[in-house]
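Step one of this worksheet: look at the structure below.
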Ligand code: ADP
């Protein structure tokens, strides 16, 4: 036994020596005790030693016949452990003692095929396969199999196989694969989310001349093999371009997907894009083609190509541009109109101003010639009227535009109103020998509720124009016609002002209501105007929910029709405007408050002329004192300027309203203000005043108001 161990030991020594110094005689390396064994005995001992070595080897080792039933010749202990067998017998039983019994049946065919192919190809007769096995306990494990095909003299063809348990490694691999796959899916989801707008997405490798579709629109799909499959990049979009892309954009799209062009363009940027048109339902639609470099920036080959429908965006942008263009052209037109207005204004203001200045000089020069003086003063008055009208018009437009003018609903008599207007205008018409005819026969209800001042104003603008733009000996027809409405207490009225004047061109009719617009022919003719009358008229009519229609022919005449709806007054509820200019008996005094002496003087004179008794105050404080110290009933009205030193009109009104004596505290107060805008009026009413009259004072309006108030008291 001792000897055997020593023998074995010797064999191991030989083996180690051979492994370290292949081919060298062992005596040259180390000195071993001599042996009396024959060569055969020695070979046998070596084989036993080798088997023991293989038996104890930590990895699995197997030898089986390569032919026939692939019978197992040898299996080491480590292999038995992999199969959970405690003895070779158990292992042989489990596997049927054949390699085929080792491999899990589902894997067998593939494994054998793989081994065959590998051995046939490998010049060292080596193979490597992985497969599943079933252990004695029934569990499935993965193994790695390193095989070596050997032609043995005694045993025929055999396989030496090293087998290792790869289950844990495999599990780890699977885990990593799952993780990678999960990350991959997450990435895909992200890309999917980000690329939701893209109807087609491709990955292409320009070097390999390959392209793969990830998503395709129906249009591109027609030309493509299949989603997820690769095809040649060259010409991948030719069919699509020829069939779908707008002829004008074909060259652009073709060039953009050309590999050389892409390489050049992506040389120093990550992505590029173009917009082009396709035909969809025979209408052009807009698409964007975007190419992104997803590979190295030094050498461009791997790219993503996306096609996105941007029709909506383009249409919105086009709409935006259209609005901008319109706004620009509106602004330009407005600017043009403003310039025209300014040049008109400077002319229109200068003319009456020259008149005023010139006639004032003449008046001074002829101060003793009463007749001439009267003539010059008349000229000054008419020039002032022109100026005033101009200013009023401007205020009116500004007021309407900033919604500072509102409608009032009073009782009014339409027939009477028209007749008054006609009377008022006839003088001017007579100057040009123009006849004005009025027809109110079709008005059944003359008494309505409405803003009579504003209605008159609109009709006055029409008649004024008719006179201005009708040649001498012309004719103007004014008519009103009532049309009943289904609602019992309402009626629609059509007021028509028709002339046989110069007429209006079709072109100009489109702009006639624009502020400051005047037709060339009228400006050339030197007829005075601001181009604001119809603007104001239209705005007022619109405020009343009515309309203005114009029918005109150049050289024949114009017909303006204003349509308005009014609430009818009840029977017997007449709007009596007779004697409006009757100043009345002047039972009570008027307190006129103004810091401007000229204004005060004119006001006092006018009121005195009309028979009223007038007291004055030059600021709010004096006014309050005068009222406070007066006997109740002395003052029937206070005419209050607003902007004054010491105490303004608002504060004075408030102070009067808070006087202890009720009759004094309730004296009617009317504001007189150069600021005709709504805000002033509102403030005046808020501070307790009853009415508001704009300056310069309209005498008739003042008389009417004074008369109303003093008669009412
Ligand atoms: P204007 O102060 O210039 O009369 P409007 O706004 O009242 O301003 O009218 C605008 C322009 O419309 C006038 O300048 C004139 O060219 C034209 N127009 C208005 N009414 C008539 C009409 N009855 N006949 C001919 N042209 C008219």
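The sole residue among 608, 631 that is free of Cβ contacts under 8 Å to residues at least 12 places away in the same chain and within 19 Å of residue 693 (Cβ to Cβ) is 608.
Of the residues making up the stretch 435-473, those that are within 16 Å of the ligand (Cβ to nearest atom), outside any helix (DSSP H, G or I) and in contact (Cβ under 8 Å) with a residue 60 or more places away in the chain are 469, 470. Whether any residue in the stretch 527-544 is at pLDDT 90 or above, near the ligand (Cβ under 7 Å from one of its atoms), outside any helix (DSSP H, G or I) and more than 41 Å from the chain's Cα centre (by Cα) is what I want to check. Scanning the stretch 527-544, I find no residue that is at pLDDT 90 or above, near the ligand (Cβ under 7 Å from one of its atoms), outside any helix (DSSP H, G or I) and more than 41 Å from the chain's Cα centre (by Cα), so the answer is no. The lone criterion from (1) within 16 Å of the ligand (Cβ to nearest atom); (2) in a loop (DSSP other than H, G, I, E, B); (3) in contact with a strand residue (DSSP E or B) (Cβ under 7 Å, 6 or more places away or on another chain) left unmet by residue 479 is number (2). Exactly one residue out of 237, 248, 281 is within 38 Å of the chain's Cα centre (by Cα) and on the phi > 0 side of the Ramachandran plot, and it is 281. Scanning the stretch 211-248 for residues that are over 17 Å from residue 306 (Cβ atoms), touching a strand residue (DSSP E or B) at 6+ places or on another chain (Cβ under 8 Å) and in a helix (DSSP H, G or I) yields one hit, 248.
The residues listed here are 600, 642, 637; of these, the one that is surrounded by fewer than 23 Cβ atoms within 10 Å (Cβ to Cβ), touching a residue at least 12 places away in the same chain (Cβ under 8 Å) and closer than 24 Å to residue 701 by Cα is 600. Scanning the stretch 430-462 for residues that are surrounded by 22 or more Cβ atoms within 10 Å (Cβ to Cβ) and closer than 20 Å to residue 489 by Cα yields 448, 450, 455.
None of 315, 324 is under 30 Å from residue 397 (Cα atoms) and not assigned by TED's automatic domain parsing to the domain that holds residue 204 except 324. If we scan the stretch 68-82, do we find a residue that is in the same structural domain as residue 142 (by TED's automatic domain parsing), surrounded by fewer than 16 Cβ atoms within 10 Å (Cβ to Cβ), assigned to a loop (DSSP other than H, G, I, E, B) and at pLDDT 95 or above? No, that holds for no residue. Kindly check whether there is at least one residue in the stretch 52-62 that is exposed (fewer than 11 other Cβ atoms within 10 Å of the Cβ), assigned to a helix (DSSP H, G or I) and modelled with pLDDT of 70 or more. Looking through the stretch 52-62, at least one residue is exposed (fewer than 11 other Cβ atoms within 10 Å of the Cβ), assigned to a helix (DSSP H, G or I) and modelled with pLDDT of 70 or more.
Contact annotation: residue pairs with Cβ atoms under 6 Å, 6 or more positions apart or on different chains, pairing a residue in the stretch 529-552 that is free of Cβ contacts under 8 Å to residues at least 40 places away in the same chain and under 15 Å from residue 399 (Cα atoms) with a partner that is part of a loop (DSSP other than H, G, I, E, B) and within 11 Å of the ligand (Cβ to nearest atom), are 538/513.
Of the residues screened, residue 497 is one that is modelled with pLDDT of 90 or more and crowded, with 19+ Cβ neighbours inside 10 Å. The stretch 641-708 holds helices (runs of 4 or more DSSP H) entirely within its bounds, and those carrying 2 or more residues that are more than 21 Å from residue 618 (Cα to Cα) and modelled with pLDDT under 85 map to 678-686. For the stretch 482-514, the set of residues classified as assigned to a loop (DSSP other than H, G, I, E, B) and more than 12 Å from the ligand (Cβ to nearest atom) consists of 485, 486, 487, 488, 489, listed by residue number. Quick check on residue 552: is it within 12 Å of the ligand (Cβ to nearest atom) and modelled with pLDDT of 90 or more? Yes; evaluated as a whole, the condition is true for this residue. For residue 662, the test of being out of contact with any strand residue (DSSP E or B) (no Cβ under 8 Å at 6 or more places or on another chain), over 22 Å from residue 613 (Cβ atoms) and in contact (Cβ under 8 Å) with a residue 60 or more places away in the chain is failed. Within the stretch 208-222, residues that are closer than 15 Å to residue 288 by Cα have Cβ atoms under 7 Å from residues that are assigned to a loop (DSSP other than H, G, I, E, B) and at pLDDT below 90 in these pairs: 216/224; 216/227, counting only partners at least 6 apart in sequence or on another chain.
The values are calculated or read from the model by the stated rules, or taken from the named source; none is laboratory data. Computed from a predicted structure; not experimentally measured. Methodologically, a virtual Cβ is constructed for each residue, glycine included, from the backbone with ideal geometry; neighbour enumeration extends over all protein chains shown.
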